[in-house]
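**Student:** This is the structure I want to talk about, given as structure tokens.
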Amino acid sequence: MKSPVSISVALAGGWLILLAYIFDLDALRTQVLGWVVLVAAAGLLLGVLNLAAVHFGKLRSGTRNALYSFLLIISMFITFVVVATLGPGHEASQWIFTNIQLPVEASLMAVMAVTLVFAAARLLSRRTDLFAILFVVFAVITLAGSGPLLGFNIPLVGDVLRPWVTQVLAGAGARGILIGVSLGTIATGLRVLLAADKPYGA
């Protein structure tokens, strides 16, 4: 059975935010949203501490991947100290972001592109229907138009086909997904506000 205190706090917070938007109560909305931001920041900090504790346990147990856990803990500690003492806009903080995080993100995107090509090849080997062929064709167009191939731009692909695929077709699909997510969020929010669902403390 859910605690009546947690139910009351959740309902009061939800209704306060909703009424603040309906009646244009800017001061109340800003105050409550500030509280939410603080709680979210505390939750993020707890998540980081839990992640560090998990990897510290792996480091103490001496597993095969203990080196990666050690590197993660050291990186988290250095980044936290630098950003907390110097601020996110300092040159050292920006250096960490530009020379470490951005290259890692670019590498992950490259791995994702290779994975997409591999998935397309496996899809064609398993089934050769119209949807599989369309998936492979659009994936090849998008990848070929994303950058120069061996230093040369492919005519029409990067200038015409890729923008049409990414902005028209993919844009329409993304809007449909966002509409579905919005409707689901509204339905879930109404159920929480009416106490039909209680996804908070026991």
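**Student:** How tilted is helix 26-61 with respect to the longest principal axis of the chain? Cα atoms for both, answer in degrees (0 to 90, nearest 10).
**Tutor:** 70 degrees
**Student:** Also, I was wondering about something else. Expressed as an acute angle from 0 to 90° and rounded to the nearest 10, what is the orientation of the C-alpha long axis of helix 4-22 relative to the principal long axis of the chain?
**Tutor:** Helix 4-22 and the main axis of the chain meet at about 70 degrees.
**Student:** Per 10 Å bin, what is the whole-percent P(r) computed from every C-alpha pair distance within the chain?
**Tutor:** Whole-percent P(r) values from 0 Å outward: 7, 16, 21, 24, 26, 6, 0.
**Student:** While we're here: Per DSSP helix of 4 or more residues, -39500 (n - 2.57); summed, then divided by the residues of the chain. What does that give at 222 nm, rounded to the nearest 500?
**Tutor:** Details: 7 runs with 147 residues, N = 202.
My calculation for the chain gives -25000 deg cm²/dmol from helical runs alone.
Any read-out appearing in this document is the output of simple, stated calculations on the displayed coordinates, not a laboratory observation. Keep in mind that this is a model prediction, so the values were computed, not measured.
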